[in-house]
Structure formats: C-alpha cells, structure tokens
Ligand SMILES: [Ca+2]
C-alpha cells in the first residue's frame, strides 16, 4: 500500500489546546489516515536512541535510551536526569539498554523490569532484570537479574528484548539469534528463542521443555531471528510477535509453546547478500507466520489498540517500522490480518505504546530521538485542513 503524504502543519497554539501539553516544542504535523486527519506532536525530544517506553500510573513515562540510561518524562514533556541503578550495558550496534515494563502490581510493589545487552566473557547477551523504583523516582533499587541468555557470543546484533506480561502473570522475554543463524534451531541455547519465566526469574513448571535434558527450560518457542515487537492480543489472551526477517520476510507470529518458527531453515526473505534461503518458504513441520512483509518494514514495537480516542483502530495491531518509517496498522479478523494501512511518520519508529489518555505514543530511533503523540485532529471550525 502506498504511504499517505504528510499534508501540513498546525500552529503551536492549536496543538496546545488539543493535547493539553505544556511543552510541545514544535508544531504538530497533520497526517491523513483512513480514520481521518490526525496530529503527530512531539512530546519530548533530545533522547538518544530511545528504545522502550512504559507509562507510570500518573501518566509520566519511563523511557530507556540505548546507550544505557533510563529517564522519566513528565506529562509536561520535562525530561529527568538519568535514573540510578541501571547496570552497565554493552552499548554497541544494536546493543544497550533496551525495553522497560512495569510489574502488573506496580502501584503496590513499584517493580520495574528492563532488558539490556550485557557484556561478559565471550561477548554479550540479552539479560532481563528488575528493580524497585525508589520513592523520589531517581533510581532503581535492589536490581536483580532474572534471566541471562546463554551463551554470550561476539557481535553487536539481534538482541530481541521485548518484555510482555501474560494475563496469567508470566513474563515473556523475546530474544534474537545474535546474527548467528543456526543457534535459533538449537534448544540447548537461548539464542533466537522466546523465553517465558515467572516474574522472580524462576521457570514455570508448565513450560514446554522443562522435562527435556537437552533443552533450556526457559524456552517457550524457537526458530526466531530477532523479535523486537511483542504484545498480548486482548481478544485472545495470546502472545503475538513481530519479527525482523533478513532481506524481506519480516513476520507476524502467534508463538505456541514448543513450536519451531523456522529460522534459518525457511524464510519469506533472502540473505542480505542476495542468496536465497532454501525454498519452500515454509514447511509443514514448522510453524508459519500469519503475515509477512517483503520489502521489509523492520518491525519494532507492537500494540493492540484498546482506547477510545481512535474508535476506528480498536482491536487493531499497531506496529512500529524502523525501515518502514511508519506505524503499520493491521485490521484483524480473529487471528487473520485482513487489511494494512501505513501511517507515515518520516522517522525510524522503535516503539509504539498506548497512553492512559488513549492517544498513541511512538519513539523515534535517532540521535535526537523524539516521543511522538498521535491523536485525532480536531480542527477549528475555520480550520485549514480541507
Ligand atoms: Ca518464521
């Protein structure tokens, strides 16, 4: 589908009245979508490669920056100093401080979960940890590692790293195969896997490989390449993931326990050097994607929209596109994708989240990264948008 052009700008005064934000730093852009005109406003900027975003109960945002910092961005757009307590990260290439998520019981326990690339003997690997946000919100206390991907390997690519709580209170951690290909098929490693653990890091006894001596018990599913989009679909309660393909072949999967998602045995894409990955693109003994993209969008960030601000989007999947420089909106019929729309944002989109106000927030993956807020345009009666 062709991208819709960004069609104009609103004055800052209009933005302030629409968004209620005190510190909108530049005029919002107007973008035409199938649901009508929307505004894309910058809530905050000057974040260095922001990666993960989690809303605190009061509407402020915890935001990670890939070089290894976490900050709180207030509802007014004010950006805090870096929080204390963040472990040292492997900040090279795609590595660094990555996702952030709140405990489902955060209001009572103040637990914050993070993923990051951890340096160590052999190279680096993806780690999930948690700590307690202190009362003055200046740092995480008592940070403990919950999951450590093994083995550590060299190279700065494919750390996966989304954190998702299931409705049953289990914690999913997505990983990548660290650009090493075959280990995604080897269930004695954590490379190219979806991990399922209890919030304290212990292994749930109903994980699919707990009884296999040749397997890591934390594994939920395998044969994945690099998963940077993940969310629970509230319609089914199931985990959905958006996964980076090689050259083309980005995938949307609904990972079932113990199943093999095929990488690198099969793919809808090609190797970067143009060599084909053996046909066919899927096999009956492997789980296939429910949807795929060629050319690649490079999906990062996945949200099922449930808010009131965009009634036309309710139940849809919104996916950030790094290469796509857009939010990709998928209309669903059960577990099937029936329609796709691209909402052009002219920036690499790293994460997509729904705010407590029902608006859609996105992070741009740039040296000067922005938090964007998408909301319907409510033009003045004499508006210029026609
Ligand atoms: Ca696959």
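Any read-out appearing in this document is the output of simple, stated calculations on the displayed coordinates, not a laboratory observation. Just so you know, these numbers come straight off a predicted model, no measurement behind them. Here the Cβ positions follow ideal geometry from the backbone for every residue, glycine too, while neighbour counts run over all protein chains shown.
See the values below:
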{"quantity": "Pairwise centroid distance, computed over Cα atoms, of the range 146-210 with the range 247-318, Å", "calculated": "18"}
{"quantity": "Segments 327-338, 125-136 sorted - mean Cβ within 10 Å per residue, highest first", "calculated": "125-136, 327-338"}
{"quantity": "Förster radius 41 Å - calculated FRET efficiency between residue 26 and residue 214, Cβ distance, rounded to 0.05", "calculated": "0.15"}
{"quantity": "Descending semi-axes in whole angstrom, ellipsoid equivalent of the range 25-169, from the Cα gyration tensor", "calculated": "27, 20, 15"}
{"quantity": "Computed over the range 236-304, Cα set: Rg, Dmax in Å", "calculated": "12.1, 39"}
{"quantity": "Potential extension, residue 272-residue 154 segment - 0.36 nm per residue separation minus Cα distance", "calculated": "40.5 nm"}
{"quantity": "Fraction in percent of alpha-carbon pairs per bin - 10 Å, the range 147-293", "calculated": "12, 45, 34, 8, 0"}
{"quantity": "Ranked by how many other beta carbons lie within 10 Å on average, peptides 267-274, 359-366 from highest", "calculated": "359-366, 267-274"}
{"quantity": "Theoretical FRET efficiency, 1/(1+(r/R0)^6), r = Cβ-Cβ of residue 338 and residue 202, R0 45 Å, to 0.05", "calculated": "0.70"}
{"quantity": "Order of 297, 227, 194 under a 10 Å beta carbon neighbour criterion, fewest first", "calculated": "297, 194, 227"}
{"quantity": "Helix-only [θ]222 nm of the chain, DSSP H runs n ≥ 4, -39500 (n - 2.57) each, per residue, nearest 500", "calculated": "-500 deg cm²/dmol"}
{"quantity": "Residues 165, 159, sorted so that the one with the fewest Cβ neighbours within 10 Å comes first", "calculated": "165, 159"}
{"quantity": "Most mobile of 291, 261, 113 in a GNM of the chain (Cα contacts under 10 Å)", "calculated": "291"}
{"quantity": "Sequence ranges 83-92, 299-308, ranked by mean other-Cβ count within 10 angstrom, highest first", "calculated": "299-308, 83-92"}
{"quantity": "Convex hull projection area averaged over all views, the chain, Cα basis, nm²", "calculated": "18.6"}
{"quantity": "Relative contact order %, the chain, counting alpha carbon pairs below 8 Å whose residues are six or more apart", "calculated": "14"}
